[in-house]
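Shown next, in structure tokens, is the structure this report addresses.
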Amino acid sequence: MAAPVEDDLPLKPTGSLTQRLIAISAFWIFVLLLGGGLTLDRVLTQTVTDNFDSQLDYVLAAMIASSEIDPEGAVRLNRPLGDQRFLEAYSGLYFQISGNGYERFPSPSLWDRFLHVSPMPKGQLVRIYDSNEFSDGTLRIMERDVRLPGSPVLWRFQVAEIRTALDNQIKKLRHTLFKAFLILGSGLIVITVLQVTIGLWPLRKLRVEISAIRNGQASRIRDRMPNEVAPLIEELNALLRHNERQAEEARRHAGNLAHALKTPLTVITNEANADSAELKAVVLREVMTMRRHVDHHLARARAIGRRGNAQSQAEVWPSLLAVERAVTRLYPHATIDLAGVKDAVVRIERQDLDEILGNLIENAAKYGQGRVFVTVERNNNQIEILIEDDGTGIPENMRDQLFKRGARLDTGKPGTGLGLAIVRDVVEIYGGQVVLEESEDLGGLFVRLTLPMVK
């Protein structure tokens, strides 16, 4: 059993495009929401903390405004602070006034405890920080050094409050943020899934359409598609039309070849059944006819097959040089002059270009008197190759006959009569044209070969 051809093996998929798009979107949604959530958490946490600190600062300012020096030089408050928690033992809200050489003046809420007093950093008058000096919770302490009127002492004013309320507020805020961003992220992922699924739906529909074409249920993709997919549909339909033309041409050529071979085979069969004395001559003649038909259709089939390659292109000048060398070896008496554009590139396979130029230039050398001019010119989006010889030329009313299979105006020289017929068919397959005219300079035949130019 023959091994499968590499092109017939199923292509291995590189993964789901839907899953890839969803994964990429989900990743960036996670990254953006995480970054946004952390930033928002930081901003809101700082805002709540600043609000908490502003309350401490308000109490601290009220303490300083209510402070005065008694006759012994100690600090006393001339009016009580408004918050009742300063009077309740271990309430979580405390104040303390300290001065060097004087007893500390604590709030009743401290009861038997005192706030720790540490040296103020140099150049700093106000400080706020967290402290774990009490076992019942972390304290948020704001302190300030103030020199009161009538006192040489630098007094330390301190206000402290347990962070429990602040931490609970931050915790609640973060929990709310987490739930909100989780819902937002889930919603965005759901929207992404819907967007990708709906967005890629035309591709699934396209797969169904192509499957219907492969199964013979349709010949074209007829459904309307989005703008992004429409060019692909147009190219697919163009490819289908191209393949249909290729198949139709192949069927037509096969039918033409079968029809062309039927008559020679019938003649040979009849002569053989009749036991004719001229059987050998008839066989040779009819075999030559069949050979012309086979050569003609094989040349067309090769050209049609090569035309399917969108990258077909050939440089004209190297092909002309190769043909010139080959023809001058066959006809040493002939002089072939090449002129014109040397960088021309045409949309045709190099082998077919060599065969076309070889046929035309060889005919010019064979039927001329020895001078052949070849000129390459650009004409809009086409390349024209002009081939002139100094032969007797061909009457205008007889030029079209040369493009018929087997037609020869000079039977005294060897040949099958297929050259120009094949040249015309191959040139037309590539979208070109061959025209026979009369050379004004040399007086012989003037062949104008036009081929599409590669831009």
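The values are calculated or read from the model by the stated rules, or taken from the named source; none is laboratory data. Please read all numbers here as calculations on a predicted model, not as lab measurements. Backbone-built Cβ (ideal geometry, glycine too); neighbour counts: all protein chains shown. Accessible surface areas use protein heavy atoms only, side chains included; no ligands, DNA or RNA. Shrake-Rupley method; radii C 1.70, N 1.55, O 1.52, S 1.80 Å.
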**Q.** Rounded accessible area of residue 320 (nearest 10 Å², 1.4 Å probe)
**A.** 0 Å²
Q: Using a/c under 1.5 as the rounded threshold, could you call the stretch 317-372 rounded, prolate or oblate? The axes a ≥ b ≥ c are square roots of the C-alpha gyration tensor eigenvalues, and prolate needs a/b larger than b/c, oblate otherwise.
A: prolate
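Per residue, how many Å² of accessible area does the stretch 91-239 show with a 1.4 Å probe? List each step's numbers first, then the result.
On the way: 9470 Å² over 149 residues.
Using a 1.4 Å probe on heavy atoms only, each residue of the stretch 91-239 averages 64 Å².
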Q: Express in Å², to the nearest 10, the accessible area of residue 234 obtained by rolling a 1.4 Å probe over the protein heavy atoms while all chains stay in place.
A: 120 Å²
Q) For 361, 128, what's the largest-to-smallest order of accessible area, 1.4 Å probe? A) 128, 361
Q: Compute from the Cα atoms of the stretch 31-128 the Rg and the Dmax, the latter being the longest Cα-Cα distance, and quote both in angstrom.
A: 18.1, 66
**Q.** Distance in nm between pseudo-label sites at residue 214 and residue 291 (7 Å out along the Cβ direction from Cα)
**A.** 4.6 nm
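At a 1.4 Å probe radius, which order do 426, 208 fall into by accessible area, largest first?
Details: 426 5, 208 100 Å².
Largest accessible area first, the residues go 208, 426.
For the stretch 1-124, what relative contact order do you get, as a whole percent, if you take Cα pairs closer than 8 Å and at least 6 residues apart?
Numbers: 66 pairs, mean separation 14.5, N = 124.
Rounded, it is 12 percent for the stretch 1-124.
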Q: List the aspartates and glutamates whose Cα lies under 19 Å from the Cα of residue 455, skipping any in the same chain that are fewer than 8 positions away.
A: 315, 343, 349, 377, 384
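By accessible area of protein heavy atoms, probe 1.4 Å, what ranking do 114, 27 get, highest first? The partial results should precede the final answer.
Numbers: 114 90, 27 115 Å².
If we order 114, 27 from most to least accessible, we get 27, 114.
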Q. Cα gyration tensor of the stretch 44-190, axes a ≥ b ≥ c as square roots of the eigenvalues: rounded (a/c below 1.5), prolate (a/b > b/c) or oblate?
A. prolate
Q.
Below 15 angstrom from the Cβ of residue 455, what's the summed charge of the other residues (Lys, Arg +1; Asp, Glu -1)?
A. 0
